[in-house]
Amino acid sequence: MRIRRPLAALLAVAALAAGCTISKNDDQAKVGDGSIKKIDALSGAKIRVSSKEFDEQLLLGQIALVALQAAGADPEDKTNITGSSNVRQALTSGAVDLYWEYTGTAWVSFLKQTKGIPEPQAQFDEVKKADAANNITWWSRSPANDTYAIAVNKAAQQQTGVKTLSDYANLIKTNPAAASTCIGSEFKSRDDGFPGLAKAYGFTLPPGQEHLLNDAVVYPSVGKGDTCKFGSVAATDGRVSAQQLGVLEDDKKFFPIYNPAISIATPIAQKYPQLQQVFDQIAAKLDTGTLTELNKKVSVDGQKPNAVARDWLKSAGFIA
């Protein structure tokens, strides 16, 4: 969407970022000495860390906040902004300084590319190169792939035999009543979401079989199988396994790679280049299995993102 009133938009985003701050924990422990060492240039630096509103992003935001604290900064918690476009606007407008973004999201939604790059490092490199023109620097690609996916209720999968997205498309064409689908609001409108998926696989889901829900509600709804048999999910979300959902194979390779990586305002990256090595070592440990398990602690077990972030950073030796 084109913004016709730039100043008003920037002020709105700044207000949004300021208004979505999560309260700091009263019992924040000292981070101590781990593999993250104090950086003199960072002493007391007010670096504003943001995130989107869903559990994985809240967790990644807290990981960044604790890591910055361990490195000697005095980070500000500006996490929990609703929507990819809003948190991105907060970064580009200068309302926040950094957050973890996904390479696929940046490539398709922000840089307006229509075809993903299947090799993860090549995808990251192209995003980094293209986004430099927007005064955004990309650091620290994680190997985790939080790709979008369509998941299916186990009983429905046994009944229909649907295992791939091509199978799903064929079911919609032949028996649409059996293909009721719950869709998250952002997935509903994104080019790398349902519209692009339908185009790539050549199907049209009848309106009566499409149910628009909050992302968090999609998982239990598909698990129960009453409202819908299929649903849009994130591959690294712990609720996929908790609800015993089957993830359909993307046999036409429609979805891009979604590696989380630090996207940071270039002036901040240039002012504190030592930060890159801090985040590089963290990102390297965040593979798909690790991130999925950490997400489960938040989304399924009900632990607070800050506590999960600290516990993992301690167990991995980053802080003591």
Problem set entry | Paramagnetic reach from Ala216 (point 7 Å along Cα→Cβ, amide N under 18 Å) across the stretch 176-206 | 183-187
Problem set entry | Considering only the chain, percent of DSSP beta bridges that pair antiparallel, nearest 5 | 60 percent
Problem set entry | Accessible surface, the chain, averaged per residue in Å² (probe 1.4 Å) | 45 Å²
Exercise. Expressed as an acute angle from 0 to 90° and rounded to the nearest 10, what is the orientation of the C-alpha long axis of helix 288-299 relative to the principal long axis of the chain?
Worked result: 90 degrees
Exercise. Once the piece of chain linking Lys112 and Thr266 is laid out straight, how much longer is it, given 0.36 nm per residue of separation minus the C-alpha distance between them?
Worked result: 53.4 nm
Seminar exercise, completed: The correct ranking of Thr114, Thr82 by accessible area at 1.4 Å, largest first, is Thr114, Thr82
Exercise. Placing +1 at every Lys and Arg Cβ and -1 at every Asp and Glu Cβ, with all other atoms neutral, what dipole size does the stretch 133-216 have around its Cα centre, in debye to the nearest 20?
Worked result: 180 debye
Exercise. With all protein chains present, how much of the accessible area of the stretch 280-320 (probe radius 1.4 Å) comes from carbon and sulfur, to the nearest whole percent?
Worked result: 50 percent
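Once you compute Rg and the Kirkwood Rh from C-alpha atoms, what is the Rg to Rh ratio for the stretch 146-295?
1.06
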For this session: Subtract the Cα-Cα distance of Gln209 and Ser185 from 0.36 nm times their separation in residues, and report this length gain in nm to one decimal.
Result: 7.1 nm
Exercise. How big is D for the chain, in µm² s⁻¹ as a whole number, if Stokes-Einstein is applied with the Kirkwood radius of its Cα pairs at 4 °C and 1.567 mPa s?
Worked result: 64 µm²/s
Problem set entry | Cut-off 12 Å, label 7 Å out along Cα→Cβ of Val247, residues of the stretch 44-73 by amide N | none
For this session: Tally up the carbon and sulfur contribution to the accessible surface of the stretch 94-238 as a whole percent, 1.4 Å probe, everything protein left in place.
Result: 51 percent
Seminar exercise, completed: the chain: longest segment with zero exposed trypsin sites (Lys or Arg not before Pro), where exposed means DSSP loop plus at most 13 other C-beta atoms within 10 Å, is residues 116-252
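The values are calculated or read from the model by the stated rules, or taken from the named source; none is laboratory data. No experiment lies behind these values; they were computed from the predicted model shown. No Cβ is skipped: glycine too gets one built from the backbone with ideal geometry, and neighbour counts run over all protein chains shown. These area figures cover heavy atoms from the full protein model, side chains too; ligands, DNA and RNA do not enter into them. Shrake-Rupley method; radii C 1.70, N 1.55, O 1.52, S 1.80 Å.
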